[in-house]
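Notes to accompany the following structure.
The values are calculated or read from the model by the stated rules, or taken from the named source; none is laboratory data. Every value quoted in this text rests on a predicted model; they were computed, and no experiment measured them. Cβ coordinates were reconstructed from backbone atoms using ideal geometry, including for glycine residues, and neighbour counts include every protein chain displayed. Side chains included, ligands, DNA and RNA excluded: accessible areas come from the protein's heavy atoms. Shrake-Rupley method; radii C 1.70, N 1.55, O 1.52, S 1.80 Å.
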Amino acid sequence: MKKIVVAPQIVIYQNIFTKSKEFIKFFEDDMKKNNWLDWYNNGYRKQGFFDYNNNDDSIEFNCLKELRDNVIYIKEDYFNQFGKDNGNWDSYVKNWDNLQIENVTEYFKYDVDKLEGRDINNLLMEYHVDEYLLDHNSKFPRHVITINLYLNDDYEGGEVCVYDSISNKSYKYKPQQGDIIVFPSADPFYHAVMGFKGNHRYYVRTFIDHPVDGSNEGFEDFMEKSNEYIDKKLQELRNVPVEELIV
């Protein structure tokens, strides 16, 4: 495993996950038996749930166990370097001793057949954040850092672009099999994905969260205002220079 700090709070843990091929096999076998949700026009998605006590010795459990062990290590390592006094964090992060690893893990398959005809030199997924800057008590828990695991690299394109507000640059990196990319979930850490071709593209996402008390009241209004804010931000990010990261 090699750790690369791309920019403040944007970190790549290279080759940290060893069961990528097994995880992909589970994806494909599971999709033959169960319905995965359509994921916009990009492919399919599903949620997995991990519990150390529910050991059925399946491929899914063993892959999730290794991922959880990775995330436990990353959580300690990452916050040792970029804790509350050494990072750019949103106001909802108040209790640093209470950050929790999500039990939910999201599985994604970018289906290359659904992307036929799209230009790989254009963004497949626009710049976005996984958590919203606006203070509101209708969304809980709140994501603090995003953890993306990439299971394969046998395709052309598919780079991840992560924006660094300090240098006002976006850094472009093609994840390699077994890489985990970590960055804060909220503004100003916008990220995007380039188009790709050749083979399907598989990745897994989980979060480290901060519990927030609240209710669902006003959630739709909160999301509408958040989306308006992000739409304005996108206009700025389209003009940001992109620097290819070669490691």
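Couple of notes before you dig in:
- Among the listed pairs Lys19/Lys114; Lys46/Lys172; Lys109/Lys174; Lys19/Lys109; Lys109/Lys197, those with a Cα-Cα distance over 19 Å are Lys19/Lys114; Lys46/Lys172.
- Average accessible surface area per residue within region 1-116, 1.4 Å rolling probe, Å²: 57 Å²
- Over all other residues within a Cβ to Cβ distance under 14 Å of Tyr110, the charged ones net out to -1, with Lys and Arg as +1 and Asp and Glu as -1.
- Annotation for region 79-120: GluC sites (Glu not before Pro) lying in DSSP loop with at most 12 further Cβ atoms inside 10 Å of their Cβ are Glu116.
- Measuring nothing but protein heavy atoms, the accessible surface of region 74-163 at 1.4 Å probe radius is 39 percent carbon and sulfur.
- Between the beta carbons of Leu99 and Asn121, assuming R0 = 41 Å, the FRET efficiency works out to 0.60 to the nearest 0.05.
- Sum of side-chain charges, Val71 neighbourhood, beta-carbon under 15 Å (Lys, Arg +1; Asp, Glu -1): -3
- Segment Trp36-Glu76, length gained on full extension (0.36 nm per residue, minus Cα span): 11.1 nm
- Rounded to the nearest 10 square angstrom, Asp38 shows an accessible area of 110 square angstrom against a 1.4 Å probe.
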